């Protein structure tokens, strides 16, 4: 077998590229924090992430991290963290917290069908837990779930008509508004 002794154009190009890579200095790379909040908010986010890593099957820590990521406008990460936390917390008393955080993160991204699914699962997890979750949390979740269910059942897309979706959701939940001004100036509180 005889090797050709001539150097071609391709060989010269490869040698040139290798020499340039060896001779030129490395490019400078700049990095900054992804979270643009103040020092306390960044520390809180880091602490929440550390707690989630230390206790990965605790839904409360996953819910806290998901909430903080949502507040920092990292919606996709918030969904991922909360949903993964709910899977890891399956069967624990705090599973419903991670499911509720995932639902809220989906609402922030305006994906209401997935949000309703996670809200239904959070409510079922809360009710199935021995001793139940705190009653005020269960009531709050029921109202949230009813609001989402009415909005989704209306067929209104919140991306195109957010006011219509909100109105449809509020139509299913009875609201009571107290006017504090009337209480203060009621018949028994009249000035002489």
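Values quoted throughout were computed directly from the atomic coordinates according to the rules given, and no laboratory measurement underlies them. Quick caveat: nothing in here was measured; it's all calculated off a predicted structure. Glycine also receives a Cβ, built like all others from the backbone with ideal geometry; neighbour counts cover every protein chain displayed.
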Check: Hey, what angle do you get for helix 135-154 against the long axis of the chain, alpha-carbon based, 0 to 90 degrees rounded to 10?
Finding: 70
Item checked: Highest-fluctuation residue, 25, 134, 93 considered, GNM on the chain with Cα pairs under 10 Å -> 25
Check: Zone of residue 7 (label point 7 Å along Cα→Cβ, backbone N under 13 Å): which residues in region 19-42?
Finding: 19
Next item on the list: Find how many whole Å separate the alpha carbon centroid of region 71-108 from the alpha carbon centroid of region 17-42.
Entry: 32
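When a/c is below 1.5 the answer is rounded, else prolate if a/b is larger than b/c, else oblate, so apply that to region 59-156 with a ≥ b ≥ c taken from the square roots of the Cα gyration tensor eigenvalues. Write down the numbers at each step before the final one.
Values: a/c = 1.91, a/b = 1.07, b/c = 1.79.
Verdict is oblate for region 59-156.
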Checklist line | Tilt relative to the chain, helix 95-108 - C-alpha long axis, 0 to 90 degrees, to 10 | finding: 80
Check: In percent, what relative contact order does the chain have, based on Cα pairs under 8 Å that are 6 or more apart in sequence?
Finding: 12
Next item on the list: Sort 149-156, 57-64, 120-127, 100-107 for me by packing, meaning the mean count of neighbouring Cβ atoms within 10 Å per residue, highest on top.
Entry: 100-107, 57-64, 120-127, 149-156
Next item on the list: Could you work out how far helix 59-71 tilts from the main Cα principal axis of the chain, as a 0 to 90 degree angle to the nearest 10?
Entry: 80
Checklist line | Helical contribution to [θ] at 222 nm, DSSP H n ≥ 4, -39,500 (n - 2.57), averaged over the chain, rounded to 500 | finding: -21000 deg cm²/dmol
Notebook entry, point to check: Hey, in the GNM for the chain with a 10 angstrom Cα cutoff, which one of 16, 175, 167 fluctuates hardest?
Noted result: 16
